[in-house]
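The structure appears right after this line, and notes come after that.
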Amino acid sequence: MVSDADLRIRLAVFDWLARQREEHGEAIPRDLLTSFALDGVRVPLVGPQGIFKPAACELPLSIATIEGNYPDEWDEDRGTLRYAYRGTDPNHHDNVGLRRAMRERVPLVYFLRVLPGRYVAMYPVFVVGDDSTSLAFTVQVEDMAVTHSVVGGDRYDDAAGAVRRAYVTRVVRQRVHQAAFRERVVRAYQDQCALCRLRHHQLLDAAHITPDREADADPVVTNGVALCKLHHAAFDSYFFAIRPDYRVEVRPSILAEHDGPMLVVGLQEIHDRLIALPRQANQLPDRERLARRYAEFLRTA
């Protein structure tokens, strides 16, 4: 069985990742992930390969994927992830390590690289299947309460927790989906609000042009605009719209209001302003989506 020291590192990593998400948001910088230390011993959480075992651990601590670049995929019905082997040799030491982690129910972190140098973490995850024919492992997201129980020696029951794991997977996938979309959009807009040019990364959001609740709300940059939290909330509430010519139109009732300076600077003065745009033409806001949203804005206004 894996040592108590190894398991202690993993639980410390999970707690540390939770704190980093609160401080830095969902997409954590790589240089932060490689700086983690416990009791003065550096334990990097990601490495040059997808399956990574730091020197301080007996077994792999994390698995990683570059979004869109590898044949890893989610099984929607089972709520599991297919994670490709390292290479084509089932007996490669990285694959052997994950196989042992599966047998001994050792929890890991799954990192999804959403942009160069930025990773979204899913944890804890367990390896629950191994298929040497398709050269892939099956990975399952779990919750922390169960993980602490398993680390404490309790049996990990695959069948009993199917409903719970499906729920956990759905929540985690939604978090990852939103984080990846946000990072791509904010990066496209040079890390600034398209209206007020605010550059504090933690105060920036990716606003959907086609609302996320609609079927064609694709998580692509052309369906998003980087906005600060104030302007994002105002955009979602139809206080203003962005026309297909990329100019802002503020609702007449807002323009007629008299309030404090925030109303004037934050909303009234953006009327008829041209938004800041991505530098790449293939990342510009989709004009057809903007036109549909503008038509809805006119109906509500």
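Some points to look at:
- Subset of segment 119-163 that is of a type in the set (D, E, K, R) and either closer than 26 Å to L32 by Cα or modelled with pLDDT of 70 or more (or both) - its residue that is surrounded by the fewest Cβ atoms within 10 Å (Cβ to Cβ): D131
- Pair list, Cβ < 6 Å and 6+ apart or interchain, from segment 207-228 residues that are closer than 17 Å to R184 by Cβ to residues that are of a type in the set (V, I, T): A207/V225; A217/T210; V221/V185; N223/I209; N223/T210; G224/V185; A226/V185; A226/V186
- Total residues in segment 239-254, condition at positive phi and surrounded by fewer than 16 Cβ atoms within 10 Å (Cβ to Cβ): 0
- Against the test of being assigned by TED's automatic domain parsing to the domain that holds V125 and either in contact with a helix residue (DSSP H, G or I) (Cβ under 9 Å, 6 or more places away or on another chain) or among the charged types (D, E, K, R) (or both), the options R175, R273 yield a single qualifying residue, R175.
- Scanning segment 213-240 for residues that are aliphatic (A, V, I, L, M) and either part of a strand (DSSP E or B) or not assigned by TED's automatic domain parsing to the domain that holds R292 (or both) turns up V225, A226, L227.
- Top-ranked residue in segment 32-68 [being β-branched (V, I, T) and under 23 Å from the mean Cα position of the chain (by Cα); ranked as surrounded by the most Cβ atoms within 10 Å (Cβ to Cβ)]: I63
- Selection within segment 190-212 - of a type outside the set (V, I, T), under 18 Å from A241 (Cα atoms) and part of a loop (DSSP other than H, G, I, E, B): C193, A194, L195, C196, R197, P211, D212
- Helices (runs of 4 or more DSSP H) contained entirely in segment 241-301, each with at least 1 residues that are within 26 Å of F181 (Cβ to Cβ): 261-266, 287-300
- Unmet criterion (only one of (1) modelled with pLDDT of 95 or more; (2) over 23 Å from the mean Cα position of the chain (by Cα)) for F235: (2)
- For segment 263-298, the tally of residues that are among the hydrophobic types (A, V, I, L, M, F, W, C) and farther than 22 Å from D191 by Cα stands at 6.
- Selection from segment 161-203 of residues that are free of Cβ contacts under 8 Å to residues at least 12 places away in the same chain and basic (K, R): R199
The values are calculated or read from the model by the stated rules, or taken from the named source; none is laboratory data. Everything numeric here is computed off the predicted structure, so don't read it as measured data. Neighbour counts are summed over all protein chains in view; Cβ atoms, including those assigned to glycine, are modelled from backbone coordinates with ideal geometry.
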